[in-house]
Amino acid sequence: MRIKITTGKLVVFAMLNKSRTAKLIWDNLPITAQAERWGDEVYFYIKPKTGIEKEYARDIVEEGDVVYWPTGPCMCLFFGLTPISRDGKIKPASTVNVFGKLEGDPHLLNCVKDGNPLKVEKAE
């Protein structure tokens with residue numbers, strides 16, 4: 001499963017894994033939202049809700065990870081450090097489910113600003 005994320009002229013793609021979270025997101029596409037920034041993370045609130053999925057739960061993530069944050073509930077795209085990252089490790093606000101990986105250079109997301117509209121949809 002592959003998704004397309006569009007905000008303004010920026011279009012990025014991500015491959016989803018085989019988690020229940022990925023299936024939940026896939027089944028609820030398309031999603032429209034407003035982007036928010038927290039350090040080098042773009043996140044946005046989404047309606048589908050689920051809990052922590054043990055096999056995919058992480059307290060530290062990698063550049064390019066696409067995650068679900070149950071506390072939000074939000075979908076988050078990581079391209080660098082957050083305000084609570086330490087020792088060069090990317091730390092989300094709390095435990096997240098990693099359900100996908102951005103394709104290409106995740107740093108392209110640095111142009112996304114708070115309030116930018118975005119759309120997540122199934123990629124053909």
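Name the residues in the range 31-66 that are among the acidic types (Asp, Glu) and crowded, with 18+ Cβ neighbours inside 10 Å, would you?
Answer for the range 31-66, where residues must be among the acidic types (Asp, Glu) and crowded, with 18+ Cβ neighbours inside 10 Å: Glu36, Asp40, Glu41, Glu53, Asp65.
Restricting the search to the range 25-53, which residues are more than 24 Å from Glu63 (Cβ to Cβ) and out of contact with any Leu (no Cβ under 6 Å at 6 or more places or on another chain)?
Of everything in the range 25-53, those that are more than 24 Å from Glu63 (Cβ to Cβ) and out of contact with any Leu (no Cβ under 6 Å at 6 or more places or on another chain) turn out to be Asp27, Asn28, Pro30, Thr32, Lys47, Lys49, Gly51.
Just give me the residues in the range 90-124 being of a type in the set (Val, Ile, Thr) and assigned to a strand (DSSP E or B), in sequence order.
Within the range 90-124, Ile90, Val96, Val98, Val120 qualify.
Looking only at the range 1-31, filter to residues that are assigned to a strand (DSSP E or B) and not hydrophobic (A, V, I, L, M, F, W, C); which one of those is farthest from Lys119 (Cα to Cα)?
The selected residue is Arg2.
Would you point out the residue of the range 74-91, among those that are over 11 Å from the mean Cα position of the chain (by Cα) and surrounded by 14 or more Cβ atoms within 10 Å (Cβ to Cβ), that is farthest from Gly104 (Cα to Cα)?
Per the stated criteria, the residue is Ser85.
Return the residues of the range 1-51 that are of a type in the set (S, T, N, Q) and on the phi > 0 side of the Ramachandran plot; say none if nothing qualifies.
Listed by number, the list is empty, since nothing qualifies.
A short reminder: the numbers here are calculations on the coordinates, not readings from a lab. Quick caveat: nothing in here was measured; it's all calculated off a predicted structure. Don't worry about glycine lacking a Cβ; one is built from the backbone with ideal geometry, like all the others, and counts go over all protein chains shown.
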